[in-house]
Amino acid sequence: MNNSLTKEDGHFVVFDTVIEDLSEDSFPDRLGGKGPNPKNAAREFLKFNDRFGVDKEIKSKLPITVAPAAYLRCVKD
């Protein structure tokens, strides 16, 4: 996917990846959970797209987030 909206050093953020990290009984009526959820979608996206990688530096800047491991930095145009 060559998305002209995201250039090198830009970010693509996948929200609600925290769902994967919550216990199954946290929210019984929630969509997702273990298996089909935004974090797994981000992982699948990264498997097939070498333009992006997880921005690991952002974790130290955002101590609380609903998007852990989902700030994806564009590493090349």
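The values are calculated or read from the model by the stated rules, or taken from the named source; none is laboratory data. Computed from a predicted structure; not experimentally measured. Every residue, glycine as well, gets a Cβ built from its backbone with ideal geometry; the counts of neighbours run over all protein chains shown.
Assorted remarks:
- Segment 8-39 - residue that is free of Cβ contacts under 8 Å to residues at least 12 places away in the same chain and either among the hydroxyl-bearing types (S, T, Y) or in contact with a strand residue (DSSP E or B) (Cβ under 6 Å, 6 or more places away or on another chain) (or both) and, of those, nearest to K76 (Cα to Cα): S23
- Options A42, A67; residue that is in a loop (DSSP other than H, G, I, E, B), closer than 22 Å to L5 by Cβ, among the hydrophobic types (A, V, I, L, M, F, W, C) and in contact (Cβ under 8 Å) with a residue 12 or more places away in the chain: A67
- Complete set of residues in segment 21-48 that are under 20 Å from G10 (Cβ atoms) and more than 13 Å from the chain's Cα centre (by Cα): F48
- For segment 45-64, a residue qualifies if it is at pLDDT 90 or above, of a type outside the set (A, V, I, L, M, F, W, C) and assigned to a loop (DSSP other than H, G, I, E, B), and the qualifying residues are N49, D50, R51, D55, K56, E57.
- Taken over segment 60-75, residues that are of a type in the set (D, E, K, R) and touching a Phe, Trp or Tyr at 6+ places or on another chain (Cβ under 8 Å) amount to 1.
- Beta carbons closer than 8 Å, at least 6 apart along the sequence or on distinct chains, pair a first residue in segment 50-62 that is surrounded by 10 or more Cβ atoms within 10 Å (Cβ to Cβ) with a second that is among the basic types (K, R) and assigned to a loop (DSSP other than H, G, I, E, B) for R51/K76.
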